[in-house]
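A short reminder: the numbers here are calculations on the coordinates, not readings from a lab. These numbers were taken from a predicted model, which means no experiment stands behind them. Counting neighbours? That spans all protein chains shown, and the Cβs are built from the backbone with ideal geometry, glycine included.
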Amino acid sequence: QFIQAKDGDKLLNCELLVVDEAAAIPLVMVKELMGSYLTIISSTINGYEGTGRSLSLKLFAGLRKSKQGSPFLELSLNQPIRYGDGDHVEQWLNRLLCLDCPVIPISSGAPHPSNCHLYYVNRDTLFSHHTQSEAFLHRLMSLFVSSHYKNSPNDLQMMSDAPAHHLYVLLGPS
């Protein structure tokens, strides 16, 4: 039986719950849906249908560490469904739209803001097709995808030319 995520109170006699594209649902609501019943959660992380890594970084990390409740089993689908494995069009789209950004490990702790410098990022430079600019753009998109619960290629478009949006980075001492 299909139910809306907001109707989680209807799960009283549930034996199995399947949550598809869970990253599109606020994390608090996903946690509230989980109970003593078997729960299967799916989410697309990469690609143009990806919704970000918040689910895997926050919810799954907590479930991995948890000693309470049901055992946690994590499976990953690495072979594409829409395209053939190694498809050149998919690879091109992923590079063009920064959809294949790797997770950049975040070191523990952060410098105090007074030890950091705030920089304005010039869009023309960021999207200049220069090797260093593209590497920086991919790092920015990786950070954005890792920290936001829902992403789309529109985010890249907004970053590139939305007149009301400006991009700043706060960098600590190197």
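Lysine pairs in segment 5-171 whose alpha-carbon atoms fall under 20 angstrom of each other, counting only those eight or more residues apart or on distinct chains, come to 9.
Among Thr125, Thr39, Thr131, a tally of other beta-carbon atoms within 10 Å of each Cβ gives an order, fewest to most, of Thr131, Thr125, Thr39.
Tilt of helix 131-147 relative to the longest C-alpha principal axis of the chain, in degrees (0 to 90, nearest 10)? It is inclined by approximately 30 degrees. Once the Cα-Cα distance is subtracted from the 0.36 nm per residue extended length, the Ala61 to Asp85 segment shows a gain of 5.8 nm. Only helices enter the 222 nm calculation for the chain: every DSSP H run of n ≥ 4 contributes -39,500 (n - 2.57), and dividing by all residues gives -8000 deg cm²/dmol, rounded to 500.
The Phe144 and Ile3 beta-carbon pair, evaluated with R₀ = 35 Å, returns a calculated FRET efficiency of approximately 0.65. The DSSP beta bridges internal to segment 5-171 are antiparallel in roughly 50% of cases. Each of Ala164, Gln4, Leu118 was placed along the dipole of the chain (beta-carbon charges, centred on the mean Cα), and the one lying farthest toward the positive end is Leu118. Taking amide H as placed 1.01 Å from N in the peptide plane, Leu17 has its amide H under 5 Å from the amide H of Leu38, Thr39, Ile40, each at least 5 places away in sequence or on another chain.
For the chain, the Cβ-based charge dipole about the Cα centre amounts to some 600 debye (Lys, Arg positive; Asp, Glu negative; other atoms uncharged). Among the GluC sites (Glu not before Pro) found in segment 73-174, those both in a DSSP coil and sparsely packed, with 10 or fewer other Cβ atoms within 10 Å of their Cβ, are Glu74. Result for the chain in a Gaussian network model with C-alpha springs under 10 Å: among Leu59, Leu118, Leu93, the largest mean-square fluctuation is at Leu118.
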